[in-house]
Every structure is written in structure tokens, then in C-alpha cells.
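To keep things clear, I will list the structure first and then write my remarks on it.
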Amino acid sequence: MSVTTSTERKIRSMHGLGVLCGLGAGVWLGAAEAPTKLVNSGLSPYAISLCMVAGVFTARWTLPTLVKGTRGVFSDLSANRHLIPTAIIAGMLWAVANTLTVFAIRDVGLAIAFPLWNTNSLVGIFWGWLLFGELRGASARNIAKVVLGALAIVGAAIMLGFSTIQASGAHSAHALGGVFAAAGASLLWGTMYIPYRKAYISGMNPLSFVTIFTIGELGTVFALVLALDGGTHAAVFHSPQVAPMLFWLFLGGFVWVIGDIFQQFATKYLGIGRGIPLSNTNQLWGLAWGALVFGELAHADNARRMLVVLGSAVMILGALAVSTAIAGEREHGSINESLVRECDRYDLNYDRVFRAYAGESENNGNGRSWWDLVIVGCAIGIFVWLGLKARVPTLNMNFFWVGVLSAVGVVSAAVCAWGLWKRTRFC
């Protein structure tokens, strides 16, 4: 079974949309880690992760409900029951990785931790090649872009890791532990994309996938708190200092989901090897939040600042080199073989799967339900309730840059959402 010429053109035309989603994901994923700076206020990394994932759980049900409706989500899940266990496993991997990032931020700072765990690009490139036919049949130029880009990412990570270990200041005593935590997050997040890609070559919609994904997330962080953070006596359940912080951590989780949804669409239309590096431009935005808002580099010497900036630039250039390697006809044929294998393995309708993979929306006629309004209303109520209890964290922040970076996020989300709606109806 081969891909028709017109359909090949359709898939190639989606490359630009995938790039747009990847860049938008970078903006929002970078902003989402800012609330984890609250770890400096005395909350444990497990408590931070649990509160953020509670916000993630709320967002992963609310946003798909707004865009697609719960009937559409459950119809999609019903047609892809075989993917439900893998989505839950992916959520478990995400939860552990997210907890590790909180440790990394605590020990080495946001501006340094970001580029270290963004080496998940290398893990994703490997899995994309091994399991899904990415880069097989690719031109020598595209292979060179991917390989050189990957080497640039590794080199940048080494530079940034070295600058962290050698740094003087509040984070230096635990810098090595922070580096290992970020590396562990990189491995888990890179592996997490296997279920993502498997879902999309089976025809599942990203909005449906993230909905079931959250069950694994929430269950895992609860287990981590119960096992490693004091069980039912953990401070997150009893400490009076938690309530004023919940709003910001919920907000961080909500912001993360917006970025993750764009990242899901980038992964769908570009593949793992290209989608992850592009969304890893979140390193730039993480650096902006850490340096401009929280002043992480305010007391660093010139050599350290130069090393961080240079390493960041090299990593971004490497990621962009990988993402601009547009798949050609032969590589599309190899990827199509992966679709055929999935259809044969799970007895799926190839035409339906391929139309969904190519971004051709289908009107399933499910419509909206009254409980959609209930879900959205509950989410709004939760944020209002938490907002009434919230207080501004006792951290030094530059509110001018908070406003500027927030405005950039709103604009990027509007552009990406418009592009997805116009081209695919969020298919």
C-alpha cells in the first residue's frame, strides 16, 4: 500500500504547521516551569509536582472539552482502546520526569536545568528512527542536519553542565545532584514520546490522548508523595503554607498543558526526531524567565554568563537544524509502513487512520453535551477558589518582564490555535 502523490503533498504541507506548533510549545513549556521556583519557599519537590499535576489534570480535561467536546474525546478513545494503557504509562513517565525537574531547578536553577533536560531530543531521535521509520530513506542533507543538530545539542548540554558544576553561589553545593536529576528527566521525557507517536500513527487525536494521559500522571505523583514524602502525614496535605501557593502551581500545570498540546501536534505532524527539538526552544524561554524575571544570573561572573548564553545559542541552533530537515518522499514511504503495521496489528481501518494522521478532520456528529459546561464550570470555580486564597510568593521578581513574557505567550497561543483550526479543525 502506497501513499498517493496528492496525500504526500498534503503531509509535506503540514510541516509548516508542525513547526509553528513546535515554536508555540516552546514558549508555553518554558513559562510553565516558572512556578516551580516556589521550591525555594520551602515546599518539597514532591509537593510542588503533586500540586502542578493537579493543575495539569484539570487542564487536560478542560481544554479538550472546550475544543472537541467530551463525546468526541470518548468516541476517539473507544476507537483506540489499545492505546489507553500506553497513554497511562506515558503519563507515569511524565510525572516522574516532572518531579526530577523540580529537584534540578532547586539544585542548579531554572536557567541551567532547562538545557540539560532538553537533551531528550537525542533520546527521541533514536526512538523515532528505531521504531517509526523516521530518517529511513532520508536524503544525505537531512541526515546531516539531524546528526549535526544532535551533536550541537549534546555539546551545548556539556557546556552548560560544566558551567553549573563549576559555578559559585547558592546552587553549587548540590549542582551534581541537579545535573543527574535533569539527565534522568531527559531520558524519561525522550522515552515518553514513544506512546505519543504510536497514538498518532494509529489515528488518535492529540486532544484525546492527553485526556487519558493524565490518569497516569496524577496516580504516579500521589504514589511518590505517599512513598517518599511522608505518606498521609506529608506537609502538602496539612501545612498551612500550601494553600496560598496552590493557585500558582495549578496555573503552572495549566500553562504546561497548553504548551504540551501544541507539542503533541508538532510531534504528530513532524515526528519525534523533529518535533521534540523544535519544542525544546523552550530552553530559550526558560532562560528568559530565569534570568529576566527571577534574576538567576544577576550575580554570575562574566565567564559563567557567556558560557550559559553560548551554550543556549548552540542548543537552539542544533534544535533548529534538526527541525528544518523536511521529510522527503522516501522517508514518508518508510513512515507509511509504520502506519500499515499499526493497522495490521490492531485491525484498524487504514483510510481512517491515514486521514487522521494527515490532518484531515472528520465530523463525527457527536456534538456538545451539558456535562461539557459542568467540566468547564468546575475548572473555573477551582481557579477562582484558589485565587481567593493565593498570595504573591515572597520571591524577587521583575514584574515588567512577567508582563512582557506573558504577552508573548498569549500571542503565540492565538497564532497556533488559529493555524490548527484553519488547517485541521484540531484533527
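A few comments on the model shown:
- Taken as entire DSSP H runs, the helices of the chain that both span 15 Å or more between Cα atoms along their own long axis and average -1.0 or more on the Kyte-Doolittle scale are 5-32, 45-67, 84-108, 120-132, 140-166, 175-200, 206-228, 243-270, 302-323, 370-389, 399-424.
- The residues neighbouring Thr267, those whose beta-carbon lies less than 9 Å from its own, together hold a net charge of +3 under the Lys/Arg +1, Asp/Glu -1 convention.
- Counting only protein heavy atoms and a probe of 1.4 Å, the accessible surface of the chain is 68% carbon and sulfur.
- Radius 15 Å from Cβ of Ala321, net charge of other residues (Lys, Arg +1; Asp, Glu -1): +3
- The Asn302 and Phe399 beta-carbon pair, evaluated with R₀ = 35 Å, returns a calculated FRET efficiency of approximately 0.85.
- Net charge of neighbours whose Cβ lies under 10 Å from the Cβ of Met204, counting Lys and Arg as +1 and Asp and Glu as -1: +1
- Over the chain, accessible surface divided per residue gives 40 Å², non-protein components excluded, 1.4 Å probe.
- Full-stretch length increase - Trp385, Arg341 - with 0.36 nm per residue and alpha-carbon distance subtracted: 11.0 nm
- Pairs over the 22 Å Cα-Cα cut-off, from the set Lys145/Lys268; Lys68/Lys268; Lys68/Lys422; Lys145/Lys422: Lys145/Lys422.
- Extension gain, Asn349 back to Val408 (0.36 nm per residue minus Cα-Cα distance, nm): 17.1 nm
The values are calculated or read from the model by the stated rules, or taken from the named source; none is laboratory data. Treat the numbers as computed from the prediction; the structure is a model and nothing was measured. A quick note on method: Cβ atoms are made from the backbone with ideal geometry, for glycine too, and the neighbour counts reach across all protein chains shown. Areas reflect the complete protein model, heavy atoms only, side chains present, ligands, DNA and RNA absent. Shrake-Rupley method; radii C 1.70, N 1.55, O 1.52, S 1.80 Å.
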